[in-house]
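The values are calculated or read from the model by the stated rules, or taken from the named source; none is laboratory data. These figures come from a predicted structure and were not determined experimentally. Positions of Cβ are backbone-derived with ideal geometry, glycine not excepted, and every protein chain shown enters the neighbour counts.
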Amino acid sequence: QDFGLGKRDLDRPSVKAAIQDAARWKRIVGNDLENIPFGLFVAWITLWIHSSTYWQFYYVCSFTAFRLLHTLFYAYALIPYRGVA
C-alpha cells in the first residue's frame, strides 16, 4: 500500500517511519485479536471452576495488566520486555 504517495515520496525517512508504524499497529491489533478472545474464554471458564471469586478476579486483572504491558512494549519496540509480558 502506498497511502496515495508517489514513488519519490516513499523514499523519504518520515514516510518510511509512518509506514512502519502503520504496519506495527496492524500487527498489534492482530495479536490482540488472537489473544484477547482466548483470555476472555479462560476468564469465563475460571469463573465456573474456581469457588473463590478473589482468585478469579486476581487472574483476570493479571491477564489484563500483562496484555496491556505487552501492547505497550510492542508499540514502543521494547523487544526483550515484550517477551516477558
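Assorted remarks:
- Contacts under 8 angstrom Cβ, first residue in region 19-48 being closer than 16 Å to residue 67 by Cβ and basic (Lys, Arg), partner modelled with pLDDT under 90 and in a helix (DSSP H, G or I), 6 or more apart: 27/74
- Restricting region 60-82 to residues that are in contact with a helix residue (DSSP H, G or I) (Cβ under 6 Å, 6 or more places away or on another chain) and among the aromatic types (Phe, Trp, Tyr) leaves a set whose member that is surrounded by the fewest Cβ atoms within 10 Å (Cβ to Cβ) is 81.
- Tally, over region 42-80, of residues that are part of a loop (DSSP other than H, G, I, E, B) and farther than 30 Å from residue 20 by Cβ: 3
- Failed condition for residue 43, given (1) surrounded by 14 or more Cβ atoms within 10 Å (Cβ to Cβ); (2) under 15 Å from the mean Cα position of the chain (by Cα): (2)
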